[in-house]
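Note sheet for the following structure.
Read-outs: derived from the displayed coordinates by stated rules, not from any lab. None of these values were measured; they are calculated from a predicted model. Note: ideal-geometry Cβ built from the backbone for every residue, glycine included; neighbour counts use all protein chains shown.
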Amino acid sequence: MLLLKIFLEFCKIGIIAFGGGNAIFPILHREVVENLHWIGEQDFLYMVSIAETTPGPIGMNLSTFIGHRLAGFPGALVATIGYDFLPFLIMLFVAIAVVRLRENKIYRRFLSAVMVVVLVLLMRAAYLMAAGGFHDFRPYLLALAAFIAFVKFKKLNPIYLLIICGLVGMFCF
Amino acid sequence: MVPLLERVLVEKKKYLNEKEFTEIFSIGQILPGSLMINMATFTGYKIAKFFGALFSCIAITIPPLTIITLIAIFYGKFIEFVLVKKLMLGILAGVVGEVSGITLKMFKKTKFDTFKIVLLLFSFALMFVFHVNPIYIVIIGAVSGILLGKGD
């Protein structure tokens, strides 16, 4: 029963995962940490750090990790499949029916509005991470430095930037 | 990730031509779910229909699934070390910086009209003031966009 619950929960999250892995952070946080109490706040933040620095999509990595925590490898498997299941079906439908989404007026209205909400989701993501994980001023300074580096050096691989931040944290926090 | 994908799918294996790759990339971005899964599904389907899509998704899932599972197994032991905790906190600070950077970039790209400004303020209030479940905010945004939005 737990496996089914995990599967359905991640199906729900997968279907509204617009705008990249970071945007689902507030959604996952609300569902998995606040509502279901599956994962503690601090653990969740550690999982985010790991999911962001390992290969693979962030949302999928987080799903695998949370699923594993709840029910071992079977949990990891159903959470990952759940997260990818509906996007897979939708994409398959689009491929089979050759849906011209970009030219579809209704879809464009839908998408442009959802992307506005994604902006707010991203703000919420940064807020939740800082509020939950930063206990003094030093992480804020590091975050500011990472922000400047990210915006200034467009060619810098984001994962390298995160690893540098991690090393700075190891020695300075 | 995308340049790597392009090199393998277009240049080396020649599964897709340049135009198809761009098309699949742009569709993958505007649908829900991971870009990797979306692109794998579409590419697999082009090559070998349903089973092509299914197997490319399974294949692209296996490496991250394995890596995270291994990390999850040893996680409990390692997270107790203070240095590991500091490493994680440093990474988290980096993530906050990057997410802020991504937000700024998206902000600049958005073509704001009256509807979008109202939606932005409204969903901001729902999220930060009224603590509405973000799932509902996405749904509210989607429905209001279809009914009232102008698209891009």
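Structure values in brief
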read-out	value
Cα long-axis angle, helix A:158-172 against chain A (0 to 90 degrees, to the nearest 10)	30
Selected from A:Asp84, A:Asp43, A:Asp136 as most flexible by GNM, with chain A as the system and alpha-carbon contacts under 10 Å	A:Asp136
Tilt relative to chain A, helix A:41-53 - C-alpha long axis, 0 to 90 degrees, to 10	80
Filter on B:Lys19/B:Lys46; A:Lys12/B:Lys46; A:Lys152/B:Lys86; A:Lys105/B:Lys116; B:Lys46/B:Lys109; B:Lys19/B:Lys109 - keep pairs with C-alpha separation over 20 Å	A:Lys12/B:Lys46; A:Lys152/B:Lys86; B:Lys46/B:Lys109; B:Lys19/B:Lys109
At least 27 Å along the helix axis (C-alpha) and Kyte average at least 0.0, DSSP helices within chain B	B:35-78, B:82-109
Exposure proxy order (Cβ contacts within 10 Å, fewest to most) of B:Ile146, B:Ile91	B:Ile146, B:Ile91
Length-normalised contact order for chain A - Cα pairs under 8 Å, 6+ apart - percent	27
Mean ellipticity per residue at 222 nm, deg cm²/dmol - from DSSP H runs of n ≥ 4 across chain A, formula -39500 (n - 2.57)	-26000 deg cm²/dmol
Cα-based convex hull, chain B, per residue volume (Å³, whole number)	186
Computed over chain B: relative contact order in percent, which uses C-alpha pairs under 8 Å that are six or more apart	9
Region A:31-79: C-alpha gyration tensor shape, a/c 1.5 cut-off, then a/b vs b/c	oblate
From the C-alpha gyration tensor of region A:2-133, square roots of 5λ in Å	26, 19, 12
GNM result for chain A, Cα springs below 10 Å: residue of A:Leu121, A:Leu162, A:Leu144 fluctuating most strongly	A:Leu144
Simple spin-label estimate for B:Leu121 and A:Phe73 in nanometres, 7 Å along Cα-Cβ	5.5
GNM result for chain B, Cα springs below 10 Å: residue of B:Leu126, B:Leu35, B:Leu92 fluctuating most strongly	B:Leu126
Of the trypsin sites (Lys or Arg not before Pro) in region B:71-152, those whose Cβ has at most 12 other Cβ within 10 Å and which sit in DSSP loop	B:Lys111
Degrees, to the nearest 10: A:2-15 long Cα axis against longest axis of chain A	90
Under the Karplus curve 6.51 cos²θ - 1.76 cosθ + 1.60, θ = phi - 60°, whole-Hz ³J(HN,Hα) for region A:88-101, x wherever Gly or Pro sits	4, 4, 4, 4, 4, 4, 4, 5, 5, 7, 6, 6, 8, 5
Residue exposure sequence - A:His29, A:His135 - by fewest surrounding Cβ within 10 Å	A:His135, A:His29
Principal axis box of the protein assembly as shown, alpha-carbon based, largest edge first, Å	53, 45, 45
